[in-house]
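Each remark here refers to the structure printed beneath this line.
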Amino acid sequence: MSRPKITYVSASGVASTVEAEIGSNLMATALANGIVGITGECGGGMMCATCHCYVDEHFAETLPECSETEDEMLDCTASERRGTSRLSCQIVVGPETDGIIVHLPEVQ
């Protein structure tokens, strides 16, 4: 079975597609692959909002809803919160995320 592919699009529009481990999350995948634009200061503990991303609309509808804690943390993001804003540490990689596109904000 091939590994899911995740595409990160920088604030300047540069796309980087990487393979991800099933069960990992989008933040850890970005950090492991040197993606610039995700900081992940708290290591995925939902305490900093420095892994904020905008999920492509097509995929945003297929992801589980964010938890109350994630929703609260999204109010603390350095960049504008949008309807497709998520914390990348809370999006678990699985077959359903294969091909997902996430746009990174200008600042974390």
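Taking the range 90-107 as the range and being outside any strand (DSSP E or B) and touching a Gly at 6+ places or on another chain (Cβ under 7 Å) as the test, the residues that pass are Val93, Leu104.
All conditions in (1) open to solvent by 30 Å² or more (accessible area, probe 1.4 Å); (2) part of a helix (DSSP H, G or I); (3) in contact (Cβ under 8 Å) with a residue 24 or more places away in the chain hold for Leu31, with the sole exception of (3). Scanning the range 85-108 for residues that are among the charged types (D, E, K, R) and at pLDDT 95 or above, we see that the one that is surrounded by the most Cβ atoms within 10 Å (Cβ to Cβ) is Arg86.
Does Ala60 satisfy the criteria of being aliphatic (A, V, I, L, M) and modelled with pLDDT of 95 or more? Here the answer is no, as Ala60 does not meet what is asked. Would a scan of the range 65-77 turn up a residue that is closer than 21 Å to Ala20 by Cα, part of a helix (DSSP H, G or I), open to solvent by 80 Å² or more (accessible area, probe 1.4 Å) and without any contact (Cβ under 8 Å) to a residue 60 or more places away in the chain? Among the residues of the range 65-77, not one is closer than 21 Å to Ala20 by Cα, part of a helix (DSSP H, G or I), open to solvent by 80 Å² or more (accessible area, probe 1.4 Å) and without any contact (Cβ under 8 Å) to a residue 60 or more places away in the chain, which makes the answer no.
Has the range 41-61 got any residue that is assigned to a loop (DSSP other than H, G, I, E, B), β-branched (Val, Ile, Thr) and open to solvent by 30 Å² or more (accessible area, probe 1.4 Å)? There is no residue in the range 41-61 that is assigned to a loop (DSSP other than H, G, I, E, B), β-branched (Val, Ile, Thr) and open to solvent by 30 Å² or more (accessible area, probe 1.4 Å).
The number of residues in the range 78-89 being in a strand (DSSP E or B) and touching an Asp or Glu at 6+ places or on another chain (Cβ under 6 Å) comes to 1.
The values are calculated or read from the model by the stated rules, or taken from the named source; none is laboratory data. Source: prediction; values computed, not measured. We place every Cβ from the backbone using ideal geometry, glycine too, and count neighbours over all the protein chains shown. To get the accessible areas, we keep the full protein, side chains included, count just its heavy atoms, and leave off ligands, DNA and RNA. Shrake-Rupley method; radii C 1.70, N 1.55, O 1.52, S 1.80 Å.
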